[in-house]
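Accompanying notes for the structure given below.
The values are calculated or read from the model by the stated rules, or taken from the named source; none is laboratory data. Fair warning: this is a prediction, and the values are worked out from it, not measured in the lab. Virtual Cβ from ideal backbone geometry, glycine too; neighbours counted across all protein chains shown. Please note that ligands, DNA and RNA were not included when accessible areas were found on the heavy atoms of the full protein model with its side chains. Shrake-Rupley method; radii C 1.70, N 1.55, O 1.52, S 1.80 Å.
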Amino acid sequence: MPHAALEVSAAGIEFQNPLLLAAGTAAYGRELAGVLDIESLGGLVTKAVSVERRDGAQSPRVAEFAGGMINAVGLANPGMEEVRSDHLPWLEQNLRRAKVLVNVVGNSVEDYAAVIARLDDSPAVSGYELNVSCPNVRAGGVEFGADPGTLAEVVTRSRAATRKPIFVKLSPALPDIGQSAKTAADAGADGISVVNTMPGLVIDVETRRPVLGFGSGGVSGAGLLPVGVLATHKVARAVRLPIIGVGGVSTATDLVQYLMAGASLVAIGTAVMQRPRLPEKLVADLSEWCSGHGVRSVGELKGALSWES
Ligand SMILES: Cc1cc2nc3c(=O)[nH]c(=O)nc-3n(C[C@H](O)[C@H](O)[C@H](O)COP(=O)(O)O)c2cc1C
């Protein structure tokens with residue numbers, strides 16, 4: 001059996017394979033360049049970018065537990081000016097084949113469009129991923145993604161700031177993730193990413209305090225895999241947009257689950273922090289899995305799940 005074709009076209013972007021590095025776990029690429037060959041991947045989603053620099057949460061920011069990891073990084077980032085002057089030029093010079101999506105966060109609905117407008121002329125940027133699982137400071141701290149009106153406004157304003165594709169990244173804690181995806185689609189999103197981390201709390205029973213400096217955090221890693229796969233299935237049934245499946249991937253068959261649930265692309269986060277060279281191996285393993293299963297192109301796997309929920 002010849003090698004399977006791994007190329008994916010999603011939201012108008014051509015990816016050489018479906019594997020992406022998930023937001024926040026690969027920084028801005030440069031930090032991982034000596035460790036892993038980013039150019040062998042479909043692409044990378046950057047760490048969040050906000051208007052102003054954010055110092056982030058008190059340490060410890062990350063802790064492991066049996067089912068995965070919990071983190072409260074507080075979306076620490078250098079802010080859009082430094083990303084524009086320092087990180088995007090590096091990406092432009094060093095990446096040819098791997099595509100870059102910039103993950104965007106804000107404190108208000110205006111912030112998202114402001115970040116996009118500032119970064120949009122960089123040829124390094126193929127598109128954006130809006131992290132709407134963070135609190136809207138001006139609206140009393142309710143998450144952007146949790147209120148349909150606010151979600152629609154963030155997407156509409158972002159849409160007006162660029163012609164490049166916009167993915168909207170949703171939280172697995174949303175009561176009806178299919179409906180939220182529809183709201184984002186109706187407001188002009190080009191794709192949906194599911195899922196962000198799940199809210200959680202790990203307690204150190206000796207000190208009787210949370211293990212994380214911030215207190216609660218976001219759960220990622222192995223335990224999130226079935227959550228993300230179900231969310232992908234629900235979103236695929238609700239909208240016709242391309243989906244980035246993310247959460248708990250550490251093997252090629254995890255990746256195939258996301259594709260079968262309806263994802264076009266699959267991002268990997270926590271497992272890369274634990275095994276930095278894993279993504280390259282997953283591309284090879286995916287190709288081998290396809291060849292071994294008579295799959296000529298990864299596109300054949302998209303939505304191949306046989307289940308009427
Ligand atoms: C340390 C850490 C930082 C993260 N930072 C971001 C971020 O900046 N923006 C975002 O949308 N998601 C962020 N995430 C969520 C990941 O992109 C991903 O959705 C989540 O970790 C699930 O995937 P995984 O189980 O493969 O890690 C972060 C996750 C971790 C573990």
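List of remarks:
- Between SER291 and ASP37, the FRET efficiency from the beta-carbon distance, with R0 = 30 Å, is close to 0.90.
- The mean sequence separation of alpha-carbon pairs under 8 Å and at least six residues apart, normalised by the residue count of segment 202-257, gives a relative contact order of 31 percent.
- Looking at the chain, the DSSP beta bridges with both ends there are about 40 percent antiparallel.
- Taking a straight line from the alpha carbon of LYS169, these lysines sit under 22 Å away, with near neighbours fewer than eight places off in the same chain left out: LYS47, LYS99, LYS182, LYS234, LYS302.
- Close amide H partners of CYS134, meaning residues 5 or more places away or on another chain with modelled amide H under 5 Å apart, are PHE144, GLY145.
- Sum of -39500 (n - 2.57) over DSSP H runs of 4+, divided by residues of the chain (222 nm, nearest 500): -8500 deg cm²/dmol
- Shape call, segment 156-211: gyration tensor on alpha carbons, a/c limit 1.5: prolate
- Fully extending the segment from ARG138 to GLU280 would add 46.9 nm, taking 0.36 nm per residue of separation and subtracting the current Cα-Cα distance.
- With the simple spin-label model, which puts each label point 7 Å out from Cα in the Cβ direction, the GLU81 to ARG163 separation comes to 2.9 nm.
- Per-residue accessible area (protein heavy atoms, 1.4 Å probe) orders LYS281, LYS47 as LYS281, LYS47, starting from the largest.
- Gain on full extension, evaluated as 0.36 nm per residue between ARG209 and GLU14 minus their Cα-Cα distance, stands at 65.5 nm.
- Rolling a 1.4 Å probe over the heavy atoms of the protein chains gives segment 76-127 an accessible area of 38 Å² per residue.
- Between GLU64 and SER108, the modelled label-to-label distance comes to 4.3 nm, taking each label 7 Å out from Cα in the direction of the beta carbon.
- Overall form of segment 90-228 per C-alpha gyration tensor (a/c, 1.5; a/b vs b/c): prolate
- Relative contact order of the chain, taken over Cα pairs closer than 8 Å and 6 or more residues apart, is 20 percent.
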